[in-house]
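Chemist: Please see the structure below; I have some questions.
The values are calculated or read from the model by the stated rules, or taken from the named source; none is laboratory data. The structure presented is a predicted model; accordingly, all values stated were derived computationally and were not measured. Virtual Cβ from ideal backbone geometry, glycine too; neighbours counted across all protein chains shown.
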Amino acid sequence: MDAHESFDLKKLMSIEVSKERLDRIRDVVYFDRGDISDEVKDFLLKEQVRFVNIQYARFLAGVKFTKDDVDELMKDSIDIHAHGGSEPFDRICLEDEMLQEYTKAGCKAVVIKTWYTPSASRNALLQKQLNTWAKQQELNPVKIFGGITLNQSVGGLNPNAVLRCLKYPGMKYVWLPMVDSYHHRKLVYDDVSGSGLRILDEKGKVLPELQEILRIVA
């Protein structure tokens with residue numbers, strides 16, 4: 001069966017969103033206009049859920065591109081979000097293999113993101129290995145960059161971890177918590193436990209530790 005046959009937009013749009021799910025989402029969504037009625041808010045929240053369903057379905061169904069399309073897209077490109085295999089779960093390939101593919105495709109640069117350890121900590125080693133391989137192949141090596149994702153494994157909103165990572169070559173990104181964040185757990189995983197990292201206090205103010213991280217980044 002063609003992948004696109006599994007993408008039924010009409011069916012996706014007809015999925016009902018329960019009142020309980022709406023209530024949970026409402027707790028993590030902020031409307032900056034006070035003149036919006038509850039009816040309109042519910043409609044917008046339902047549309048948000050449907051939009052997420054559609055995006056995931058599109059990803060699963062796949063999109064048709066030819067090899068020539070991909071080759072043209074990759075030439076001289078900069079990928080700012082790439083995942084390798086240095087994670088506590090399976091990925092398609094390790095970073096060294098991935099970087100060779102980027103180099104063969106003629107990419108200029110790539111930013112490697114990892115969930116639980118600073119990807120920037122491996123930049124120097126990966127670049128050295130890649131440069132050696134690329135020279136043997138008479139290719140121009142892709143430039144490697146990385147960063148740190150502020151999930152629980154690095155201490156969450158940890159200014160000291162960010163400071164330490166500034167010393168790594170190719171350190172460019174500080175990603176806020178994702179899988180360990182309160183918002184992600186509640187909205188994506190429908191986690192009602194109340195656990196997860198937050199970036200605002202009870203009054204909606206940016207937490208002091210995040211303020212410090214933003215000063216470091218600036």
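Chemist: Identify all residues within region 83-112 that are more than 16 Å from Gln127 (Cβ to Cβ) and modelled with pLDDT under 95; write none if there are none.
Modeler: His83, Gly85, Glu87, Pro88, Phe89, Asp90, Arg91, Ile92, Cys93, listed by residue number.
Chemist: Which ones in region 185-209 are outside any loop (DSSP other than H, G, I, E, B) and either in contact with a Gly (Cβ under 6 Å, 6 or more places away or on another chain) or buried (at least 18 other Cβ atoms within 10 Å of the Cβ) (or both)? First the steps, then the outcome.
Modeler: Going residue by residue through region 185-209, those that are outside any loop (DSSP other than H, G, I, E, B) are 185-187, 197, 200, 206, 208-209.
Hits for region 185-209 are Arg185, Lys186, Leu187, Leu197.
Chemist: Based on this model, can you work out whether Arg122 counts as in contact with a Gly (Cβ under 9 Å, 6 or more places away or on another chain) and more than 25 Å from Asp27 (Cα to Cα)? If you could, list the steps in order and put the result at the bottom.
Modeler: Numbers: in contact with a Gly (Cβ under 9 Å, 6 or more places away or on another chain): yes; more than 25 Å from Asp27 (Cα to Cα): yes.
Yes, satisfied.
Chemist: Can you tell me which residue in region 26-49 is modelled with the lowest pLDDT, limited to those that are within 20 Å of the chain's Cα centre (by Cα) and of a type outside the set (S, T, N, Q)? Don't jump to the end; show me each part of the working.
Modeler: Residues of region 26-49 that are within 20 Å of the chain's Cα centre (by Cα), as a first pass: 28-29, 48-49.
Add one more test, that the residue is of a type outside the set (S, T, N, Q), and what stays is 28-29, 49.
Values: Val28: 75, Val29: 78, Val49: 78.
So, considering only residues that are within 20 Å of the chain's Cα centre (by Cα) and of a type outside the set (S, T, N, Q), the one modelled with the lowest pLDDT is Val28.
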